[in-house]
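**Student:** Let me give you the structure first, and then I'll get to my questions.
Any read-out appearing in this document is the output of simple, stated calculations on the displayed coordinates, not a laboratory observation. In this text the structure is predicted, and so the values were computed from the model without any measurement. Because the Cβ atoms are built from the backbone with ideal geometry, glycine has one as well, and the counts that use them run over all protein chains shown.
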């Protein structure tokens, strides 16, 4: 007796087949001469062929990278292509249309569909099978394709003469033939998994299997096309290994460096709604966004294992309080510009509390406004001696003198408040090395962030950056500002009976 889940699965695909049939009407009054002429015109232009035979998939104008990719695989019978296209960029759908185009134009004949498991490979192959069974336009132009006795979920051969076989990692592909023909086209899709990528030996073994067992099923005298679809979900994975060996490793993110969608079908509003709710809070983590949509596995940090929220003591009870500013010379909010950060950190009973965070792409004027907000926060919470520092090494000094100082003066004139910002001119070590020094305190629960700020989008970004800290991370401005505040408290800010004093701490070790 079939399982209930199997019945639902079959019902879902039955609906899918019916929808394919309904979406592909044909002209029954077309003459044979007209049909042949139309088919020839379609086969001469892959994009028109896709649009005619796959109206359910070809629902939007393709992006330039789509067309270039198809041109490469159509014009190069011997080709290895790795497509690290973001989710929502139709890499599997376009590959399917290309595979069927190459099959019906008799450029490829014997296909392997490879995935992490055989079940996954069969699921990837199922749309092909259903289209061949139910697409009225394909049936009208190329004939009925289903062959009784050669039509299984894991392997089928069409009446037109081409075949597909599904294989999971590690299965033997040996003996795959269609009559005397060996595989001349291989699709590898969704092969890497998070679990596998945490084990380098498994990654190597599965990649070796592709190179030593799958690809050698080919015939030496027949060109082989290999298309590998997958995001870069880990620094060491099958995609990164095969990408280096490919004729073309096509890396396309959801948006370009300026934040513009790489496919116009996905509007900026749609993209934002995918990541944030109506209140501006993230629906998925920055780590997941970067890995799945931006081919950036370095967003999955290996330094800080937790971002601890907790109740902060009243700010006035802290032994030390420091506001630290991490500026950047950019003066725009473009996606590829550096972030700016302002943090308020307090030390109480050996624990460092992150009370407030301002973090993001901002103009220099907005950053000074954040410093003003930090000043007011300290004022409201009874902090009279306000210790505020801004990072300003020798390379940053021209920007500070020419841009930031005039803006601080402008703020004084407009608000009647002189922001007591002091320069932190220390020569600092490498950013990652400095952040790594906080790992023990973080692991021991000595770094705590204000639970009242948990819903603040800027604190959410701080959490994303914090958990994403690694040697290859590109966004660590928030954690860097926190480290600056912590270091100032540990080395330069001293509390005495009269308030705060600032300066080097005298060594009394000897």
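**Student:** Helix 64-75 versus the longest principal axis of the chain: what angle, 0 to 90°, nearest 10, using Cα atoms?
**Tutor:** Its long axis makes an angle of about 40 degrees.
**Student:** Mind checking the angle between helix 91-104 and the chain's longest principal axis? C-alpha axes, 0 to 90 degrees, to the nearest 10.
**Tutor:** 20 degrees
**Student:** Could I ask something else about it? Once segment 97-204 is represented by equal point scatterers at the alpha-carbon sites, with solvent omitted, what log10 I(q)/I(0) does the Debye formula produce at q = 0.09 Å⁻¹?
**Tutor:** Those come out to -0.25, one per q.
**Student:** Binning at 5 angstrom from zero up to the longest distance, how are the C-alpha pair distances of segment 413-491 distributed in percent?
**Tutor:** Whole-percent P(r) values from 0 Å outward: 3, 12, 21, 22, 17, 14, 7, 3, 1.
**Student:** Would you calculate the separation in nanometres between label points at residue 274 and residue 195, each defined as 7 Å from the Cα along the Cα-to-beta-carbon direction?
**Tutor:** 2.6 nm
**Student:** Right, here's the next one. If you average 1/r across every pair of different Cα atoms in segment 351-392 and take the reciprocal, what Kirkwood value do you get, in Å?
**Tutor:** 11.7 Å
**Student:** Could I ask something else about it? Using C-alpha positions alone, give me the convex hull volume of segment 209-250 per residue in cubic angstrom.
**Tutor:** For segment 209-250, the hull spanned by Cα atoms encloses 81 Å³ per residue.
**Student:** Normalized C-alpha radius of gyration of segment 307-415, against 2.2 N^0.38 Å?
**Tutor:** So the Cα radius of gyration is 1.13 times the expected 2.2 N^0.38 Å.
**Student:** Using only the C-alpha atoms of the chain, find the volume of their convex hull and express it per residue in Å³.
**Tutor:** Cα-based convex hull of the chain, divided per residue, equals 214 Å³.
**Student:** Please state the relative contact order of the chain as a whole percent: Cα pairs under 8 Å, 6+ residues apart? Before the final figure, lay out the partial values.
**Tutor:** Working: 845 pairs, mean separation 70.8, N = 510.
Computed over the chain, the figure is 14 percent.
**Student:** Just to confirm the number: angle between the C-alpha axis of helix 32-43 and the first principal axis of the chain, 0 to 90 degrees, nearest 10?
**Tutor:** It is inclined by approximately 30 degrees.
**Student:** How much length is gained on full extension from residue 288 to residue 61, taking 0.36 nm per residue of separation minus their Cα-Cα distance?
**Tutor:** 79.0 nm
**Student:** Shifting gears a bit: Can you tell me the relative contact order of segment 9-268? Whole percent, Cα pairs under 8 Å, sequence separation 6 or more.
**Tutor:** Numbers: 389 pairs, mean separation 68.0, N = 260.
Relative contact order here is 26 percent.
**Student:** Let me ask something else about it. Given a Förster distance of 30 Å, report the FRET efficiency between residue 74 and residue 204 from their Cβ-Cβ distance, rounded to the nearest 0.05.
**Tutor:** Efficiency, rounded to the nearest 0.05: 0.35.
**Student:** Over its Cα atoms, what ratio of radius of gyration to 2.2 N^0.38 Å does segment 377-417 give?
**Tutor:** Output field value: 1.43.
**Student:** May I ask what percent, to the nearest 5, of DSSP beta bridges between residues of the chain are antiparallel?
**Tutor:** Close to 40 percent.
**Student:** Next up: Calculate the translational D of segment 175-333 in whole µm² s⁻¹ from Stokes-Einstein, where the hydrodynamic radius comes from the Kirkwood formula applied to all Cα pairs, the temperature is 20 °C and the viscosity 1.002 mPa s.
**Tutor:** D, rounded to a whole number, is 106 µm²/s.
**Student:** Right, here's the next one. If I model a spin label as a point 7 Å beyond the Cα along the Cα-Cβ vector, how far apart are those points for residue 365 and residue 395 in nm?
**Tutor:** 2.8 nm
**Student:** Limiting things to C-alpha atoms, what are the Rg and the maximum Cα-Cα separation (Dmax) for segment 309-502, in angstroms?
**Tutor:** My reading of the Cα-based Rg and Dmax gives 15.7, 47 Å.
**Student:** Estimate the FRET efficiency between residue 147 and residue 48 by the formula 1/(1 + (r/R0)^6), using the beta-carbon distance for r and 30 Å for R0, to the nearest 0.05.
**Tutor:** Working: r = 28 Å, r/R0 = 0.95.
So the FRET efficiency works out to roughly 0.60.
**Student:** Report the semi-axes of the equivalent ellipsoid for segment 9-268 in whole Å, largest first, where each axis is √(5λ) for an eigenvalue λ of the Cα gyration tensor. Don't skip to the end; give the middle numbers.
**Tutor:** Working: eigenvalues 171, 106, 62 Å².
So the three semi-axes of segment 9-268 are 29, 23, 18 Å.
**Student:** Can you tell me the relative contact order of segment 319-407? Whole percent, Cα pairs under 8 Å, sequence separation 6 or more. Write out the running numbers ahead of the final one.
**Tutor:** On the way: 134 pairs, mean separation 29.1, N = 89.
For segment 319-407, the relative contact order is 33 percent.
**Student:** Report, in deg cm²/dmol and to the nearest 500, the calculated mean residue ellipticity at 222 nm for the chain, where each DSSP H run with n ≥ 4 adds -39500 (n - 2.57) and the sum is divided by the residue count.
**Tutor:** Result for the chain: -11500 deg cm²/dmol, rounded to the nearest 500.
**Student:** From the C-alpha gyration tensor of segment 228-270, pull out the three semi-axes of the equivalent ellipsoid (sqrt of 5λ each), sorted largest to smallest, in whole Å.
**Tutor:** Values: eigenvalues 129, 23, 15 Å².
Square roots of five times the eigenvalues give 25, 11, 9 Å.
**Student:** Work out Dmax and Rg for segment 209-298 from the C-alpha atoms and quote the Rg first, both in angstrom.
**Tutor:** So, for segment 209-298, Rg and Dmax equal 17.5, 60 Å respectively.
**Student:** So, in Å, what gap is there between the alpha-carbon centers of segment 428-456 and segment 254-294?
**Tutor:** A separation of 26 Å, based on Cα centres.
**Student:** Quick one, what does Rg over Rh come out to for segment 27-175 if you take C-alpha atoms and the Kirkwood Rh?
**Tutor:** Reported Rg/Rh (Cα atoms, Kirkwood Rh): 0.96.
**Student:** Taking Cα centroids, how far is segment 461-495 from segment 156-224 in Å?
**Tutor:** One Cα centre to the other: 46 Å.
**Student:** How much length would be gained if the chain were fully extended between residue 331 and residue 431, taking 0.36 nm per residue of separation minus their Cα-Cα distance, in nm to one decimal?
**Tutor:** My answer for the length gained is 33.8 nm.
**Student:** Shifting gears a bit: Once fully extended, how much extra length lies between residue 267 and residue 302, figured as 0.36 nm per residue of separation less the alpha-carbon to alpha-carbon distance?
**Tutor:** 9.3 nm
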